[in-house]
Amino acid sequence: MTEPKRKRILSGVQPSGKLHLGNYFGAIKQHIALQDEGECFYFIADYHAQTTLGEAVRLELEATREAKRKPRTGAQILQENVRDVALDYLALGLDPKKATFYRQSDVPEVTELAWILGTVTGMGLLERAHSYKDKVAQGIAASVGLFTYPILMAADILIVRSNVVPVGQDQVQHLEMTRDMAGYFNSTFGEVFPLPTERLDVAAKVPGTDGKKMSKSYGNAIEIFAEGKPLKKSVMGIVTDSTPPEAPKDPETRTPYLLYKLFATPEEVADLGQRYRAGGMGDGTAKQMLLDKIEAYFGPFREKRKQLAADSGYVEDVLRDGAKRARVETEKTMAIVREATGLAH
Ligand code: ADP
Ligand code: TRP
């Protein structure tokens with residue numbers, strides 16, 4: 001089939017909680033920059049989020065029992081998370097006129113393709129998936145949906161015949177599996193799918209407040225849209241050792257410096273590094289400098305988010321319009337797939 005002229009870029013984000021600096025510098029910033037480089041499809045993976053929704057409901061029950069408030073239902077949790085992540089992306093600069101921005105469950109062709117891909121996917125391929133093994137190791141109940149998660153992800157990618165998929169290192173194996181599935185399909189039914197490649201997000205691991213990789217599951221995240229006291233609390237709570245302020249320090253071992261680097265100009269970074277090395281620079285001062293940078297950088301995005309959130313129909317309109325545009329492509333792909341597999345009648 002004829003390839004689209006501009007390269008197609010696709011990525012998905014799970015609606016599973018508040019986004020943090022690791023998500024921003026590791027993924028979102030690149031997604032937004034790529035809007036001008038190709039034809040972008042970005043979606044909110046709410047079918048994928050179903051694999052962990054049971055766990056979210058259990059956590060909600062625990063949290064509300066302690067706080068004595070009414071627990072939200074699974075449906076409420078998912079819908080709030082979808083709206084939150086959509087608002088976050090839109091406030092941070094995703095332009096729905098440039099990128100096709102949609103909710104996965106508004107594009108039902110994805111699940112149809114996932115079924116067909118499942119029939120050309122060996123059990124062995126899925127059994128090797130790190131993400132599945134990791135989630136089971138974390139104690140998440142092993143549902144069939146969790147096991148077949150990579151097939152749904154391959155369907156997301158192949159349904160719009162994407163060429164490039166910007167992802168973090170943890171998703172690279174899923175891209176390899178997607179290429180395998182596309183290859184099995186093409187060799188059985190004819191050349192339908194281009195083989196997509198990953199584009200690795202550039203930011204190395206953004207450290208969390210405890211110095212380990214920032215992650216919502218480790219409780220060490222600094223949220224992008226936190227402000228006021230909670231933001232101050234998480235920045236001032238960055239764990240540092242008790243080296244006295246007077247002692248010279250290697251800046252690369254200081255979490256406040258590593259985070260400051262993400263926001264500051266090269267001159268400002270060099271200057272702070274120099275002050276650490278010279279001695280007399282305490283981590284508390286660096287934390288305050290970091291806090292000022294976070295405020296200056298994300299302040300305007302916060303204002304934008306508040307404006308967008310005040311318009312109650314905005315997110316829904318954007319997502320529905322995005323799905324309409326996405327479905328022009330997904331319907332095309334499915335027509336070819338049905339023809340090739342004998343399901344067209
Ligand atoms: P979390 O670890 O908080 O659950 P996700 O796994 O949902 O985050 O990650 C979503 C995206 O953000 C992925 O592309 C991932 O590579 C990126 N990301 C998450 N945490 C970091 C981090 N600490 N440093 C760099 N990138 C990150
Ligand atoms: N699995 C990805 C994650 O957890 C989210 C995702 C779902 C995705 N489908 C995708 C990413 C398709 C890229 C392409 O981060």
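The values are calculated or read from the model by the stated rules, or taken from the named source; none is laboratory data. Note that the coordinates shown come from a computational prediction; the quantities given were computed from them, not determined experimentally. Don't worry about glycine lacking a Cβ; one is built from the backbone with ideal geometry, like all the others, and counts go over all protein chains shown. The protein model used for the area step is the full one, side chains on, heavy atoms only, and it has no ligands, DNA or RNA in it. Shrake-Rupley method; radii C 1.70, N 1.55, O 1.52, S 1.80 Å.
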Take Ser217 and decide whether it is within 16 Å of ligand 2 (Cβ to nearest atom), open to solvent by 80 Å² or more (accessible area, probe 1.4 Å), out of contact with any Cys (no Cβ under 8 Å at 6 or more places or on another chain) and not in a loop (DSSP other than H, G, I, E, B).
yes
Those residues of the range 66-83 which are part of a helix (DSSP H, G or I) and either open to solvent by less than 50 Å² (accessible area, probe 1.4 Å) or over 25 Å from Ser312 (Cα atoms) (or both), in sequence order
Glu66, Ala67, Gly74, Ile77, Leu78, Asn81, Val82
Taking the conditions exactly as written (of a type in the set (A, V, I, L, M, F, W, C), more than 30 Å from Leu343 (Cβ to Cβ), at pLDDT below 90 and in a helix (DSSP H, G or I)), does Ala86 satisfy them or not?
no
Got at least one residue in the range 42-65 being open to solvent by less than 30 Å² (accessible area, probe 1.4 Å), farther than 29 Å from Leu113 by Cα and not in a loop (DSSP other than H, G, I, E, B)?
yes
Residues being hydroxyl-bearing (Ser, Thr, Tyr) and surrounded by fewer than 20 Cβ atoms within 10 Å (Cβ to Cβ) - total across the range 315-330:
0
Considering the range 220-239 alone, what residues qualify as being within 16 Å of ligand 1 (Cβ to nearest atom) and open to solvent by 20 Å² or more (accessible area, probe 1.4 Å)?
Ala221, Glu223, Phe225, Ser234, Val239
Subset of the range 240-257 (residues that are closer than 16 Å to Gln288 by Cβ and open to solvent by 40 Å² or more (accessible area, probe 1.4 Å)):
Thr240, Pro245
Against the condition of a type outside the set (Lys, Arg) and without any contact (Cβ under 8 Å) to a residue 12 or more places away in the chain, how does Glu331 come out, does it pass?
no
Test result for Ala309, more than 30 Å from Val192 (Cβ to Cβ), touching a residue at least 12 places away in the same chain (Cβ under 8 Å), aliphatic (A, V, I, L, M) and assigned to a helix (DSSP H, G or I):
yes
Scanning for something within 10 Å of ligand 1 (Cβ to nearest atom), part of a loop (DSSP other than H, G, I, E, B) and within 20 Å of Tyr89 (Cβ to Cβ), does the range 203-213 turn up at least one residue?
yes
Within the range 177-209, can you find the residues that are open to solvent by 60 Å² or more (accessible area, probe 1.4 Å), modelled with pLDDT of 95 or more and away from ligand 2 (no atom under 16 Å from the Cβ)?
Tyr184, Ser187, Thr188, Phe189, Glu191
Right, Ile44: closer than 22 Å to Thr148 by Cβ, of a type in the set (A, V, I, L, M), touching a Phe, Trp or Tyr at 6+ places or on another chain (Cβ under 8 Å) and touching a residue at least 12 places away in the same chain (Cβ under 8 Å) or not?
yes
Condition check for Leu10: closer than 25 Å to Phe147 by Cβ, more than 16 Å from ligand 2 (Cβ to nearest atom) and of a type outside the set (Val, Ile, Thr):
no
